[in-house]
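Remarks on the structure that follows.
The values are calculated or read from the model by the stated rules, or taken from the named source; none is laboratory data. Not measured: the values here are computed from a predicted model. Don't worry about glycine lacking a Cβ; one is built from the backbone with ideal geometry, like all the others, and counts go over all protein chains shown.
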Amino acid sequence: MSLQEKETLELAQAKMQKYLQDNAVCSMDEYVQHGTTSTLQHCLSVVRISCVIAVGLHIHVNYENLILGALLHDFYLYDWHNHVDEGVLHGFAHPHIACKNAAMRFHVNAEVQHIITTHMWPLTLRFVPRSREAVIVCLADKYCSTLETAAGMVHAAAALFRKRRV
């Protein structure tokens, strides 16, 4: 890890401190996101990967917006596995729910709201990331989701294998 990456991750940790002490943010650890990964752990991974992408590719970004958008991009506060929102599938609805929650609870700025509402692109075709920060969080989310889902599948397969051996 480069010195710049280390400094950026330390900045991210400092910027997230107040949010990580908030009860609603902490409650995200109670919900499974992908595989066996909690929503909070997923969001923390997206923060880390977003920072690594920005630093590694030397992309000039507003780190405060990037970090906050990544941390709160899935701030929807429910178990999506058994939640139905007026017939709208979770993948389409949750960015707007997360944005509304973040705006109400933390009064996040318009750029952070944009990062949150566009992180599911291209699934949400009409909501296209138009800032560097939004594109980075969108990409980091896809990367982390893929790894977490694959790890969950490996975990499930290993458990099934162990069960059959007994």
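Each residue in segment 128-137 was checked for being surrounded by fewer than 21 Cβ atoms within 10 Å (Cβ to Cβ) and in contact with a Pro (Cβ under 9 Å, 6 or more places away or on another chain), and 2 of them qualify. What are the residues in segment 1-28 that are among the hydrophobic types (A, V, I, L, M, F, W, C), surrounded by 14 or more Cβ atoms within 10 Å (Cβ to Cβ) and more than 23 Å from Asp74 (Cβ to Cβ), if any? Residues satisfying the conditions do not exist here.
Restricting attention to segment 23-68, the residues that are small (Gly, Ala, Ser) and touching a His at 6+ places or on another chain (Cβ under 9 Å) add up to 2. On inspection, Val88 qualifies as modelled with pLDDT under 95, of a type in the set (Val, Ile, Thr) and within 24 Å of Arg130 (Cβ to Cβ). Determine if segment 146-161 includes at least one residue that is surrounded by fewer than 18 Cβ atoms within 10 Å (Cβ to Cβ) and modelled with pLDDT of 90 or more. For segment 146-161, residues surrounded by fewer than 18 Cβ atoms within 10 Å (Cβ to Cβ) and modelled with pLDDT of 90 or more: present. Against the conditions (1) closer than 23 Å to His107 by Cα; (2) in contact with a strand residue (DSSP E or B) (Cβ under 7 Å, 6 or more places away or on another chain); (3) among the polar types (S, T, N, Q), Ser38 satisfies every one except (1). In this structure, Val61 does not qualify as aliphatic (A, V, I, L, M) and outside any loop (DSSP other than H, G, I, E, B).
Would you check if Ile53 is at pLDDT 95 or above, within 14 Å of Ile136 (Cβ to Cβ) and not in a helix (DSSP H, G or I)? Considered against the rule, which asks whether it is at pLDDT 95 or above, within 14 Å of Ile136 (Cβ to Cβ) and not in a helix (DSSP H, G or I), Ile53 comes out as no. Of all residues in segment 1-24 being within 15 Å of the chain's Cα centre (by Cα) and closer than 22 Å to Lys142 by Cβ, which is modelled with the highest pLDDT? In this case the residue turns out to be Met16. Remark: pairs (first residue in segment 52-80, at positive phi; second residue not in a helix (DSSP H, G or I); Cβ separation under 9 Å; 6+ apart in sequence or on different chains) = Leu77/Tyr31.
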